Amino acid sequence: MANLQRFFGQVLTNLSSQSVFSGEEEKRRMDVIRRGIQTVRHSWRRQDTQEELRQHVLRFVESQHQKPNPELWEYLNGIVGNFDDYVDMREGEMRTPRHNEYTAVEFYCSQIGYDFLFSLISRLLREDTVEDDSLVAAATLVEYLTIELYNLRISNLGDPRYANFQGVTHRGMHVSPEVAEEYRRIANREDVRQRNFAVPLALVSTTTSTETMQKFAACGESDTMHWIIHIYGLDPHLYQIYHEKYPDGIVTSICAMPVGHISAFGEQEILLRGAFFHIISMRSETVGSRQAHTIEIMMLNTNRDHGTELSLNEGDKKEQRDFFGKIIRASRYEICASLARGISSEDVRAYEELAERELEAIGANSSGRPTYDTAFTKAISESVPTWLGASMEFSHPRQYIRKRLRSQRAAEKGDWATVEEVLNAEYDWKKREWFSVPKILTNDADAKVREGYTIVHELARSGAPEGNAHQQAAWYRLVKTVEDLGAWRTLKTFDIDHKTPFEIASENGFDEMCGVLSPRVKQPVPDAITQELESQLHSLMMSHCGEILEEHVYRLPQLSVLTEMSEARMWVPVPSWHGVHSLSY
């Protein structure tokens, strides 16, 4: 945590001191950046010109760093050393990776990667004249990052938080009084349309954990600032209008992506890419000798950033871009009106009038249309149970594998404090998975202990530790978490015994656990029917994805767990390059 705090202390200070742009200056900067993106995307689809881009990046780095840091050089070679593309634009066979890696995202989430990209992009935003070399290098690296975020979204499409993340994230920082005043000036603009700021090509790290945010904000000795960022998807009704008018246009939701499984820091991180922020309110108070500033911000997790878009701003593309802008503004003003209620009735009226004006320009009938429901900002959005059956190290991003291995080895040794530590760093909505996932298989002979057990089976086998109050307390908290999260109790071990956690606890005489681990069946189905359906599902999966499943040593889903759900619905990602194959039932 200490290293993480130092890293984010630097990151947040950098962002605070960076100029933000709005109005004409923002448009001018974006025109320059679009030129670079257009150059890159024109070159991406041809092998010879794509190779030129890769070599250009490496030459550019060498020109900027006489002796490039070995770690930086390794990362950059890993990124540009292989051709990658948007998964829905790939041609021919998909290659099999060494790991299901996202090297560009991991690069950004590292300190050395952030320092490099921040320096490069900051230079593009600050200099009046942008050199083509730096512009193309930056656009190429950002394109790799964009591709990986897009493919990460597709590979987790059954999970609504990846398909279209919505919710509240936080960002803590320390700022100078001058920077705080600049934000206040934006927040107090008379014209509510101008209460926004954007940093083109910006990559902003945020967290779903308020505790983590508070630690980041406490890193410095100057004033503190807390961003509360309300992230919304596009108004579904307005998206339908856009899709009907431009059926070939691709709208993406990669402006806000959970990257905690890819980042080496492993925190509850939501990466914001190219975000356009609108300030709803700003308040300040004196805390000790410092000022503490809180800003309520909203953003849309929506853009058209995809390889089919060449960033042209002329002809039909300009018309499409302008129409999309109207859709975005209508959604934004509707959301702002909802968020401003209870803060300023005058602002609410102004936002409502702006939304109505945009709706008229779109040709949308606003009468009877549902308004945005902001209730999700108070709670986590819908959770879809996920079966993660892939058991090989290369089936998942390597940082996630490290956490999984650390957790399962600790459980085998009865080190429940370490298991709890790993679990607490996970997103709240994914913690349930950790109790039910099969163990990762490795070549380490010492690690091959009870391969068929999940963590919940290990808890049932262990019982409460004796003689170590610290480990005992952690064990009891984990057992309580099993109950609170509704972890699956009907799940059987992946060995010849096929025992449930309840059966294991009963056999070992741990009566206190039997009540917690007793199956909570909500939809009773005879075992014979469940087994027959499970057999048919497994046959279907093997006939469609058998080679991939065997290669990744995949633990096929057990349908008995569906009886524990109010809604018999579960998402099953089948391993492949970027997990493109998936089943939802």
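The values are calculated or read from the model by the stated rules, or taken from the named source; none is laboratory data. Note that the structure is a prediction, hence the values are computed from the model and not measured. Virtual Cβ from ideal backbone geometry, glycine too; neighbours counted across all protein chains shown.
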*Given Ile228, Ile241, which one is of a type in the set (Val, Ile, Thr), farther than 15 Å from Gly167 by Cβ and in the same structural domain as Leu272 (by TED's automatic domain parsing)?*
Ile241
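Across the stretch 105-130, which residue is modelled with the lowest pLDDT among those that are hydroxyl-bearing (Ser, Thr, Tyr) and within 21 Å of the chain's Cα centre (by Cα)? Talk me through it step by step, then tell me what you get.
Residues of the stretch 105-130 hydroxyl-bearing (Ser, Thr, Tyr): 108, 110, 114, 119, 122, 129.
If we keep only those that are within 21 Å of the chain's Cα centre (by Cα) as well, we get 108, 110, 114.
Working: Tyr108: 84, Ser110: 83, Tyr114: 79.
Taking the candidates together, the pick is Tyr114.
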_Could you go through the stretch 332-347 and let me know if any residue there is at pLDDT 80 or above, acidic (Asp, Glu), more than 25 Å from the chain's Cα centre (by Cα) and more than 27 Å from Ile250 (Cβ to Cβ)._
yes
*Got a sec? Which of Ala187, Ala163, Ala198 is in the same structural domain as Gly233 (by TED's automatic domain parsing), touching a residue at least 60 places away in the same chain (Cβ under 8 Å), surrounded by fewer than 22 Cβ atoms within 10 Å (Cβ to Cβ) and within 21 Å of Ile121 (Cβ to Cβ)?*
Ala198
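For every residue, the table says whether it meets (1) touching an Asp or Glu at 6+ places or on another chain (Cβ under 7 Å); (2) outside the structural domain of Lys430 (by TED's automatic domain parsing); (3) on the phi < 0 side of the Ramachandran plot.
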residue	(1), (2), (3)
Asp132	no, yes, yes
Ala138	no, yes, yes
Val142	no, yes, yes
Thr146	yes, yes, yes
Leu157	no, yes, yes
Gly167	no, yes, no
His170	no, yes, yes
Met173	no, yes, yes
Pro177	yes, yes, yes
*Close pairs (6 angstrom Cβ cut-off, 6 or more residues apart or separate chains): assigned by TED's automatic domain parsing to the domain that holds Leu423 in the stretch 465-477, basic (Lys, Arg) anywhere*: none
*Could you list, in sequence order, all residues of the stretch 482-505 that are among the hydrophobic types (A, V, I, L, M, F, W, C) and assigned to a loop (DSSP other than H, G, I, E, B)?*
Ala487, Trp488, Leu491, Phe494, Ile496
*Scan Arg332, Arg341 and give me the residue that is in the same structural domain as Val175 (by TED's automatic domain parsing) and crowded, with 22+ Cβ neighbours inside 10 Å.*
Arg332
*If you go through the stretch 518-530, how many residues are within 20 Å of Arg555 (Cβ to Cβ) and surrounded by 13 or more Cβ atoms within 10 Å (Cβ to Cβ)?*
2
*In the stretch 434-461, residue nearest to Gly266 (Cα to Cα) [restricted to those that are at pLDDT 90 or above and outside any loop (DSSP other than H, G, I, E, B)]*: Trp434
*Test result for Glu93, surrounded by fewer than 16 Cβ atoms within 10 Å (Cβ to Cβ) and either modelled with pLDDT of 70 or more or not in a helix (DSSP H, G or I) (or both)*: yes
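Residues are listed down the side, and each one gets a yes or a no for (1) out of contact with any helix residue (DSSP H, G or I) (no Cβ under 6 Å at 6 or more places or on another chain); (2) of a type in the set (A, V, I, L, M, F, W, C):
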position: Phe216; (1), (2): no, yes
position: Met225; (1), (2): yes, yes
position: Gly233; (1), (2): yes, no
position: Pro247; (1), (2): yes, no
position: Val251; (1), (2): yes, yes
position: Ile254; (1), (2): no, yes
position: Met257; (1), (2): no, yes
_Of all residues in the stretch 412-430 being in contact with a Phe, Trp or Tyr (Cβ under 7 Å, 6 or more places away or on another chain) and in a helix (DSSP H, G or I), the one that is modelled with the highest pLDDT_ = Trp416
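Does the stretch 538-580 hold any residues that are farther than 15 Å from Met392 by Cβ, touching a strand residue (DSSP E or B) at 6+ places or on another chain (Cβ under 8 Å) and at pLDDT below 85, and which are they?
Selection gives Arg569, Met570, Trp571, Val572.
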*Output the number of the condition that Val348 fails; it satisfies all remaining conditions of (1) crowded, with 18+ Cβ neighbours inside 10 Å; (2) not in a helix (DSSP H, G or I).*
(2)
_Test result for Glu451, assigned by TED's automatic domain parsing to the domain that holds Lys492, crowded, with 22+ Cβ neighbours inside 10 Å and under 30 Å from the mean Cα position of the chain (by Cα)_ = no
